[in-house]
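Colleague: Have a look at this one.
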């Protein structure tokens with residue numbers, strides 16, 4: 001399919017256009033009012049376009065509509081590009097039915113025939129008023145889909161369905177120029193706005209590079225967005241270069257519920273952080289489908305606006321593939337690895353909540369015919385909000401399906417499994433216990449784990465990681481275990497015997513989960529496309545290494561390194577490979593710099609702004625003081641006065657516990673550094689309403705003393721520590737931090753950390 005699309009987009013010839021008074025073409029995804037329909041752009045390289053999908057969870061969604069003007073009155077013949085999405089399995093029923101309405105009057109029902117995308121005929125229509133409204137009316141609430149509508153006065157004409165001819169037909173009907181408009185002047189063009197691409201774009205922009213970030217969805221974050229609900233795992237701000245991960249943590253929440261609530265995935269925060277970078281141009285709802293390459297270098301990428309169908313070419317000096325699928329690399333001719341069968345699959349998670357009344361649920365004969373026991377019990381949610389029940393990461397399918405060409409079929413199979421399981425709850429032997437169960441959320445955007453891995457100058461292997469092989473270009477810490485997924489045999493029965501939808505995880509525990517294993521920079525650029533970086537799960541790793549490097553925070557840190565390397569390549573007039581061969585010390589220096597450091601322009605000096613008043617965000621999970629960067633002391637190392645109590649009930653905490661005192665008390669942490677310099681001082685404690693509002697802190701440093709007041713009832717945004725400031729410490733003079741309580745409230749201590757600036 002990929003070769004077809006490449007040929008398709010490079011062809012300049014157009015079909016002979018119909019007469020302007022004879023036809024009207026409408027892209028469904030371009031409707032001004034989409035109602036409850038959503039845009040699905042996942043499968044553009046499979047079926048040729050984004051489309052509208054009625055993802056109503058069993059309840060018909062609100063109509064999508066568009067005011068239009070027909071070229072003239074008269075008799076038109078309607079064609080609608082759609083499909084019966086369950087027909088490929090010969091499943092009974094037609095869950096994807098919808099109607100086309102003209103000024104509120106139904107024409108015909110669509111989405112009920114054909115297992116492949118095609119132009120379904122809608123019959124003849126008499127148009128007496130050229131100014132009218134076209135609407136799409138969902139009938140079932142179960143993922144009906146519409147790509148485009150075509151009205152023609154020629155009764156003998158049917159729009160083409162062949163890839164090549166259909167592409168030309170679309171372009172001609174939309175009036176698109178043969179040469180799309182070009183946006184030029186970018187130092188770095190990043191494609192893919194998941195954790196990898198987002199971090200790469202921010203990192204590059206902060207180095208003064210002119211950056212374009214192209215993303216096919218309306219929200220950033222990829223698998224870690226409100227559309228997919230995968231928790232963001234992987235340790236940041238640790239290991240060889242503890243500053244790596246600071247950018248990632250700026251836009252990441254620290255929730256560990258997957259799936260969770262939409263707000264936990266910080267879509268708005270991600271976009272806010274991206275748009276705050278003046279050197280970064282953000283292009284949401286743009287799918288990059290074409291690459292122009294010459295002499296093993298990418299010249300440009302062309303993207304389609306998934307809301308209008310219009311094309312834009314983006315030219316740049318350097319490019320980064322953050323698509324997950326290695327799409328840009330493959331289109332450019334980059335060498336890649338891919339397992340077509342036996343790979344990890346796609347998740348489409350879902351959840352239900354208890355309502356305050358009985359909730360009806362229709363029979364779903366087209367879904368997988370599941371019974372209780374054919375799937376794992378759903379787990380209760382975690383967190384302070386009202387409980388719900390969730391189908392987690394292991395609802396995963398497509399292990400033996402092609403990881404690129406079969407993506408839509410894999411997603412749809414997962415939907416059949418999900419709806420079949422909920423039907424088993426609502427209509428099975430435990431129906432009485434589920435009368436009030438209400439389907440709450442389900443992902444129609446797939447959470448992919450494995451497809452193409454682009455080859456770099458080095459292919460990182462699982463053996464490298466387990467044996468802790470050291471590389472000179474070591475960079476990002478990977479802290480997740482080697483985690484590979486396989487079908488779970490217990491649930492491989494019935495239709496799921498040949499096409500499973502439940503997985504199991506096999507973990508190799510050879511990864512240092514605290515410090516992490518430092519992965520080499522050489523896996524982050526292509527071995528044969530000279531100006532192509534890659535970050536994320538399409539980096540140059542074997543399948544075992546993918547098991548640990550694929551988690552989102554780790555992928556995001558790769559993006560941070562790519563952005564820094566892109567600045568070196570740009571200012572030194574070299575390639576990503578040249579950064580390793582000739583400028584590795586410069587990259588190492590940049591990896592030691594704070595994530596918030598920036599240049600006004602690429603030729604300016606790197607400067608570090610003051611620490612924000614609310615401190616830096618950090619993921620506190622699974623940290624110990626002796627594994628933190630810099631000089632770190634646990635509460636057990638403090639000299640205590642007064643009565644202190646050890647505890648472990650408030651989370652998170654370091655070293656499995658903390659201490660608190662409800663009376664007059666103090667704790668002094670000795671601070672003796674090995675190297676003189678300025679150090680950022682961080683203080684860890686557990687926030688609680690009983691804590692003191694006026695803890696007194698006295699810091700003794702090389703320049704004297706500093707006295708601060710700390711309100712321990714208010715948590716810093718990172719929920720782990722407060723940054724007290726930056727102070728000079730010398731190797732010949734001992735320093736200290738003393739915290740005391742002289743008023744009402746409980747004083748708490750957990751740890752102190754010093755980071756050299």
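The values are calculated or read from the model by the stated rules, or taken from the named source; none is laboratory data. All values derive from a computational prediction rather than experimental measurement. Glycine also receives a Cβ, built like all others from the backbone with ideal geometry; neighbour counts cover every protein chain displayed.
Colleague: Return the residues of the range 454-473 that are within 14 Å of residue 511 (Cα to Cα) and in a loop (DSSP other than H, G, I, E, B); say none if nothing qualifies.
Modeller: Scanning the range 454-473 gives 461, 467, 468, 469, 470.
Colleague: Of the residues in the range 741-756, how many are closer than 19 Å to residue 713 by Cβ and out of contact with any helix residue (DSSP H, G or I) (no Cβ under 7 Å at 6 or more places or on another chain)?
Modeller: 8
Colleague: All but one of (1) surrounded by fewer than 17 Cβ atoms within 10 Å (Cβ to Cβ); (2) in the same structural domain as residue 329 (by TED's automatic domain parsing) hold for residue 459, so report the exception by its number.
Modeller: Just one mismatch for residue 459, condition (1).
Each row is one residue, and each column tells you yes or no for (1) surrounded by fewer than 15 Cβ atoms within 10 Å (Cβ to Cβ); (2) modelled with pLDDT of 95 or more.
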position: 166; (1), (2): no, no
position: 170; (1), (2): no, no
position: 185; (1), (2): yes, yes
position: 196; (1), (2): no, yes
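Colleague: Kindly establish whether residue 150 is surrounded by 19 or more Cβ atoms within 10 Å (Cβ to Cβ), modelled with pLDDT of 95 or more, touching a helix residue (DSSP H, G or I) at 6+ places or on another chain (Cβ under 8 Å) and over 23 Å from residue 366 (Cα atoms).
Modeller: Answer is yes for this residue.
To keep it simple, each residue is scored yes or no on (1) in a helix (DSSP H, G or I); (2) over 21 Å from residue 548 (Cα atoms).
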residue: 229; (1), (2): no, no
residue: 240; (1), (2): no, no
residue: 244; (1), (2): no, no
residue: 248; (1), (2): yes, no
residue: 252; (1), (2): no, no
residue: 258; (1), (2): no, no
residue: 268; (1), (2): yes, yes
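Colleague: Given the criterion out of contact with any helix residue (DSSP H, G or I) (no Cβ under 7 Å at 6 or more places or on another chain), under 15 Å from residue 423 (Cα atoms), part of a loop (DSSP other than H, G, I, E, B) and touching a residue at least 24 places away in the same chain (Cβ under 8 Å), identify the matching residue among 369, 365, 377. Walk me through it before giving the result.
Modeller: Values: 369 fails: out of contact with any helix residue (DSSP H, G or I) (no Cβ under 7 Å at 6 or more places or on another chain); 377 fails: touching a residue at least 24 places away in the same chain (Cβ under 8 Å).
Testing whether each residue is out of contact with any helix residue (DSSP H, G or I) (no Cβ under 7 Å at 6 or more places or on another chain), under 15 Å from residue 423 (Cα atoms), part of a loop (DSSP other than H, G, I, E, B) and touching a residue at least 24 places away in the same chain (Cβ under 8 Å) leaves just 365.
Colleague: Okay, next question. Go through 120, 164 for me and flag whichever is closer than 17 Å to residue 28 by Cβ, outside the structural domain of residue 369 (by TED's automatic domain parsing) and touching a residue at least 12 places away in the same chain (Cβ under 8 Å).
Modeller: Numbers: 164 fails: closer than 17 Å to residue 28 by Cβ.
Every option except 120 fails the conditions.
Colleague: With respect to residue 36, determine if the residue is farther than 24 Å from residue 368 by Cα, modelled with pLDDT of 95 or more and either touching a helix residue (DSSP H, G or I) at 6+ places or on another chain (Cβ under 9 Å) or in a loop (DSSP other than H, G, I, E, B) (or both).
Modeller: Considered against the rule, which asks whether it is farther than 24 Å from residue 368 by Cα, modelled with pLDDT of 95 or more and either touching a helix residue (DSSP H, G or I) at 6+ places or on another chain (Cβ under 9 Å) or in a loop (DSSP other than H, G, I, E, B) (or both), residue 36 comes out as yes.
Colleague: Take residue 75 and tell me if it is more than 27 Å from residue 217 (Cβ to Cβ), touching a residue at least 40 places away in the same chain (Cβ under 8 Å) and assigned by TED's automatic domain parsing to the domain that holds residue 24.
Modeller: So residue 75 passes the test.
Colleague: Only residues that are under 27 Å from the mean Cα position of the chain (by Cα) and surrounded by fewer than 13 Cβ atoms within 10 Å (Cβ to Cβ): list them for the range 340-378, please.
Modeller: 341, 342, 377
Colleague: Is it the case that the range 738-746 has a residue that's buried (at least 21 other Cβ atoms within 10 Å of the Cβ), in a strand (DSSP E or B) and touching a residue at least 40 places away in the same chain (Cβ under 8 Å)?
Modeller: Checked the range 738-746: at least one residue is buried (at least 21 other Cβ atoms within 10 Å of the Cβ), in a strand (DSSP E or B) and touching a residue at least 40 places away in the same chain (Cβ under 8 Å).
Colleague: Within 30 Å of residue 415 (Cα to Cα), modelled with pLDDT of 95 or more and under 31 Å from the mean Cα position of the chain (by Cα): which single residue out of 93, 192, 114 fits that description?
Modeller: Being within 30 Å of residue 415 (Cα to Cα), modelled with pLDDT of 95 or more and under 31 Å from the mean Cα position of the chain (by Cα) holds for just one of 93, 192, 114, which is 192.
Colleague: Does any residue of the range 568-583 turn out to be assigned by TED's automatic domain parsing to the domain that holds residue 334, crowded, with 24+ Cβ neighbours inside 10 Å and out of contact with any strand residue (DSSP E or B) (no Cβ under 9 Å at 6 or more places or on another chain)? Walk me through how you get there before you give the answer.
Modeller: Filtering the range 568-583 down to residues assigned by TED's automatic domain parsing to the domain that holds residue 334 leaves 568-583.
Restricting the remaining residues to those that are crowded, with 24+ Cβ neighbours inside 10 Å gives 569, 576, 579.
Add one more test, that the residue is out of contact with any strand residue (DSSP E or B) (no Cβ under 9 Å at 6 or more places or on another chain), and what stays is none.
Scanning the range 568-583, I find no residue that is assigned by TED's automatic domain parsing to the domain that holds residue 334, crowded, with 24+ Cβ neighbours inside 10 Å and out of contact with any strand residue (DSSP E or B) (no Cβ under 9 Å at 6 or more places or on another chain), so the answer is no.
Colleague: Here's a follow-up. Kindly evaluate residue 466 against the criterion of being touching a residue at least 24 places away in the same chain (Cβ under 8 Å) and under 19 Å from the mean Cα position of the chain (by Cα).
Modeller: Here the answer is no, as residue 466 does not meet what is asked.
Colleague: Which ranges mark the strands (runs of 3 or more DSSP E) fully within the range 482-562 that have 3 or more residues being touching a residue at least 12 places away in the same chain (Cβ under 8 Å), under 22 Å from the mean Cα position of the chain (by Cα) and surrounded by 21 or more Cβ atoms within 10 Å (Cβ to Cβ)?
Modeller: Qualifying strands (runs of 3 or more DSSP E): 532-534.
Colleague: Here are the criteria: (1) in contact (Cβ under 8 Å) with a residue 40 or more places away in the chain; (2) outside any strand (DSSP E or B). Tell me which single one residue 733 does not satisfy.
Modeller: It fails just one condition, (1).
Colleague: Further question on the same structure: Search the range 669-686 for residues being surrounded by fewer than 17 Cβ atoms within 10 Å (Cβ to Cβ) and in contact (Cβ under 8 Å) with a residue 60 or more places away in the chain, and hand back the single one that is farthest from residue 724 (Cα to Cα).
Modeller: 675
Colleague: If I go through the range 718-730 residue by residue, how many of them are modelled with pLDDT of 90 or more and farther than 21 Å from residue 666 by Cα?
Modeller: Of the residues in that region, 5 qualify.
Colleague: Run down 204, 197 and say which single residue is in a helix (DSSP H, G or I), under 22 Å from residue 307 (Cα atoms) and in the same structural domain as residue 318 (by TED's automatic domain parsing).
Modeller: Details: 204 fails: under 22 Å from residue 307 (Cα atoms).
Of 204, 197, the one residue that is in a helix (DSSP H, G or I), under 22 Å from residue 307 (Cα atoms) and in the same structural domain as residue 318 (by TED's automatic domain parsing) is 197.
Colleague: Further question: Out of 105, 83, which single residue is surrounded by fewer than 18 Cβ atoms within 10 Å (Cβ to Cβ) and on the phi < 0 side of the Ramachandran plot?
Modeller: From the options 105, 83, the qualifying one is 105.
Colleague: Of all residues being in contact (Cβ under 8 Å) with a residue 60 or more places away in the chain and surrounded by fewer than 18 Cβ atoms within 10 Å (Cβ to Cβ) in the range 688-724, which is farthest from residue 269 (Cα to Cα)? Just the residue, please.
Modeller: Here the answer is 688.
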